[in-house]
Amino acid sequence: MRRLATLLLILMLTSAVHSQKGNPTKINLITNVINRNLISLDGRWNYIVDPYENGFYDYRRRPYDEIGDRTGGFYSDRKPADKTDRVEYDFDLSPAMTIPGDWNSQVNELKLYEGSVWFKRDFEVKKKPGKRYFLYFGAVNYEAHVYLNGKKLGVHIGGFTPFNFEVTGLLNDGSNFVVVKVDNTRRLDGVPTVNTDWWNYGGITRDVFLIETNDTFIRDFKLQLNNNDPELIEGFVQLDGSKGEQTGTIRIEEANVNYNFKTGSNGYAEIKIRAGKLNLWSPGNPFLYNVKIETETDTLKDKIGFRTIAVKGTDILLNGKPVFLRGICLHEENPLKTGRAYGEAEALMLLNWAKELNCNYVRLAHYPHNEYMVRTAEKMGLLVWEEIPVYWTIQWENESTFRNAMNQLEEMIVRDRNRANVIIWSMGNETPVIEPRIRFMSKLAERARELDGTRLISAALEVHRKENEPFTYMVDDPLGKYLDVLSFNEYIGWYDGKPDKCDKIKWEFGYDKPVLISETGAGALQGFKGDSLTVWSEEHQAYFYGKQLKMIGKQKQIKGLTPWILVDFRSPRRPHPVYQNFWNRKGLVSSSGIKKKAYFVLKNFYDTIEKSK
Ligand code: GCU
């Protein structure tokens, strides 16, 4: 009798556990935002530059929003009560700038400014009964303190990933104001840390939305093909709200899929759809299905492509076939406005330059770019490498630095894990081969696999010369053990010798894995003519590429490359007054959008590769 009771109990528990199977995601990020009910808060925001954080701390360095002193804190947007009332700031009489947008390219005095700037935006809302409201930011560089109607919503750290706060209870039916303190001060314990070869654009650099949802809504979902079974779509649906247990249906019209599911009381349902033969997404066929998820209280649509990506020996297999990744690196910068790129039009401009190079792949360096960039690449048939800014030498043994990196990793993966074109998650770039770093980055890789086991994991590693063999270069970083694809940066002929050194180089790869060159490149000032050995001339850059590509073409284990870089970009580390002028000139396209000679050397190489594969 007792035994039976125990068994029944276990059964009940397991079934409860089964329906209570957990969503590995720890953050409450709302995904697929562009397909939701949105009120855009983009536009002109007033701003106050606050280098001494005078609007945040009192003279005893106590945060006003902690001591609840509304007199000094800019978050309260206080107005003088009458002529006797002294208030030493006023957003509405202060200048304004366009959001999304960085402050460096919009306000000349702020070109090199790093510090705090406060932003305020008034907005009207007609609140609907039974609806919930969330304030969503595509990204704010770097540290954001967010307030609504004078109340603190929270803080977000990390300049390149989205975040949201629920504001249902704080939102007025009518007039509201949002205040954001943005601080892009570089920090030693930051991710990235104080030294980067890109411009530290500050501000609210991506869209700001007020998202309106039903009381219980579909907050997140994942639908991707099982890499070993191209007819099996797997994933989950995650509801958010009081009515966790619901029935639902996933419809994929073009594939005749009508799949029923049930969520547990935690609003979670695991999904396994036998979808039959699908029209698989690939660069030559960037086909996206119309997917609709309907539950008792919500409906959500998205356009999703299905493809498999895997490694087999030293091959990268896309939809089961070996693929060569004809790529290029790019920063999220629009050189023509010398500022952060954030919209579809700018994504199109940049990615068209990559397509014209005959690329089928791009490395979005060194941080997650905006969602328009990723989705536009998906529509254009460009495979994507995405990366978190674990760049050069961060504080590997600092717990808060680790949590920060983990959080950025999770926000990146959660935002983009339904994008068919994203095939590689990169854990970082050019990091030192030391124990604490291997621990740090191997844990990131492990977490990435938990959050998304359907994509390849990599990192941009460094090379070293073999002892007593000056022309034998090794890629045997111990971190390689944790990675699916071995990727490395090399600048033989630019930072390391002259271009013809490439002719002598022998490569040894420490793992039987596919190898990618994640960076190689040389600088050239567009229009500066010289012979092939004259550094900074277009001829020299073209000569460099000729030598590099000949060397790379010989390495059978190399399955792709992303030269550094598509277009010249701003860098505070490049002061040469003639050749650089605070631009990194390794672009194949100049800062005014003109293709340099080397652009065509790479294009020819890719045309040849494409024909040969
Ligand atoms: C490094 C680094 C890039 C940098 C490039 C360069 O490899 O990853 O961020 O811009 O080299 O020196 O141009």
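Numbers at a glance
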item: Solvent-accessible area, 1.4 Å probe, carbon plus sulfur percent, for the stretch 182-284; result: 44
item: Sparse-neighbour loop sites [GluC sites (Glu not before Pro); the stretch 440-495; at most 10 other C-beta within 10 Å; DSSP]; result: E467
item: Accessible-area composition of the stretch 328-424, carbon plus sulfur, in percent [1.4 Å probe]; result: 53
item: Sparse-neighbour loop sites [chymotrypsin sites (Phe, Trp or Tyr not before Pro); the stretch 184-228; at most 11 other C-beta within 10 Å; DSSP]; result: none
item: Shape box of the stretch 540-613 [Cα atoms, principal axes, largest first, Å]; result: 42, 22, 18
item: Rg to Rh quotient for the stretch 380-475, alpha carbon positions, Kirkwood Rh; result: 1.04
item: The stretch 36-127 - percent of accessible surface contributed by carbon and sulfur, probe 1.4 Å; result: 48
item: Phi-based couplings in Hz for the stretch 245-259 (Karplus 6.51, -1.76, 1.60; Gly and Pro marked x); result: 7, 9, 9, x, 9, 10, 10, 10, 3, 5, 10, 6, 9, 9, 10
item: Accessible area per residue, Å², the chain with all protein chains present, probe 1.4 Å; result: 40
item: Binned Cα-Cα distances of the chain, short to long, each 10 Å bin given as a whole percent; result: 3, 16, 25, 26, 18, 9, 3, 1, 0, 0
item: Trypsin sites (Lys or Arg not before Pro) lying in DSSP loop within the stretch 261-304, provided at most 13 other Cβ fall within 10 Å; result: K277
item: Residue-count net charge about Q526 - beta-carbon cut-off 11 Å; Lys, Arg +1, Asp, Glu -1; result: +3
item: Mean Kyte hydropathy of -1.0 or more with a Cα span along the axis of at least 20 Å, helices from DSSP in the chain; result: 2-19, 399-416, 435-451, 538-553, 597-612
item: Alpha-carbon centroid distance for the pair the stretch 200-264 / the stretch 547-566, whole angstrom; result: 38
item: Part-to-part distance (alpha-carbon centres) for the stretch 69-128 and the stretch 278-299, which is given in Å; result: 42
item: Residue-level accessible surface for M474, protein heavy atoms, 1.4 Å, Å²; result: 30
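The values are calculated or read from the model by the stated rules, or taken from the named source; none is laboratory data. Just so it is clear, the model here is predicted, and its values are computed rather than measured. Cβ atoms come from the backbone with ideal geometry, glycine included; neighbour counts cover every protein chain shown. The protein model used for the area step is the full one, side chains on, heavy atoms only, and it has no ligands, DNA or RNA in it. Shrake-Rupley method; radii C 1.70, N 1.55, O 1.52, S 1.80 Å.
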